[in-house]
Amino acid sequence: MGTDKGYCFDSMSFIYLVKRYPKHIAAFKPIWSALETMIGKSLILSPMESYLEIEYGGDEVSEWVKENKRHVFLEPDEKDIETVKKILSKYPNLHDKKKKRYDADPFVIALALNRGLTPVTDEKRTHIDGKKNIANVCLNYGIKTMTLVEFIEKLTG
């Protein structure tokens, strides 16, 4: 589904991107240049809930999301909220009840579904304690996910 329409990043993908591929290292500059071009074209999106999961961290990742808030992170619209409700009614274990703050996973899936985006997540299709994750649920909806490394490979050709 939808790679030409763009990508929907989960929170961990942004965290891994910033921490594992630091912008200041010369070898990673092509990744960041291509990423910034895609952000400028609104091809990299994420739900506001991902921003909220990351922004309070006080580290380089929270700084990056704050700098890119208005270009990347979308507030859910009515259709997104309805889709999240449907996803959670079908997959109640997708929501991590132990999280004290925000849980962006259902919003990532809803954004991908509603806008034809490809989710970027490093979550594997596992069933830990019966909990579903983005990769499981996307598979059930017929949405192909990609890992951050797969995204970078596609990005840098």
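Read-outs throughout are calculated quantities, based only on the coordinates presented, and are distinct from any laboratory measurement. Keep in mind that what you see is a predicted model, and the values were worked out from it rather than measured. Note that we place each Cβ from the backbone using ideal geometry, even for glycine, and neighbour counts take in every protein chain shown.
For the peptides 51-64, 133-146, the ranking by packing is 133-146, 51-64, with the highest mean count of neighbouring Cβ atoms within 10 Å listed first.
The angle between the Cα long axis of helix 11-20 and the main principal axis of the chain comes to about 30°, on a 0 to 90 degree scale. Round to the nearest 10 and give me the degree value, 0 to 90, for the angle of helix 78-90's Cα axis relative to the longest principal axis of the chain. Roughly 60 degrees between the two axes. If R0 is 22 Å, the Cβ-Cβ spacing of LYS86 and LYS124 corresponds to a FRET efficiency of close to 0.35. Just to be sure I understand: of the beta bridges DSSP finds with both ends in the chain, what percent are antiparallel, rounded to 5? Taking every DSSP beta bridge with both residues in the chain, the antiparallel ones total about 10 percent.
Using the structure shown, list the pairs from LYS85/LYS144; LYS23/LYS154; LYS5/LYS66; LYS23/LYS132 with a Cα-Cα distance above 28 Å, or answer none. Violating the 28 Å limit, Cα to Cα: LYS23/LYS132. Relative protection proxy for 39-48, 148-157, from highest mean packing down: 39-48, 148-157 (other beta-carbon atoms within 10 angstrom). Where only DSSP H runs of four or more residues are counted, the chain gives -14500 deg cm²/dmol as its mean residue ellipticity at 222 nm, each run worth -39500 (n - 2.57). Charging the Cβ of each Asp and Glu at -1 and of each Lys and Arg at +1, and nothing else, the dipole of the chain about its Cα centre rounds to 300 debye. In plain terms, the chain from ARG70 to LYS5 could stretch by 21.5 nm, reckoned as 0.36 nm per residue minus the Cα-Cα distance. A viscosity of 1.306 mPa s and a temperature of 10 °C, combined with the Kirkwood radius over Cα pairs in Stokes-Einstein, give a translational diffusion coefficient for the chain of 101 µm²/s.
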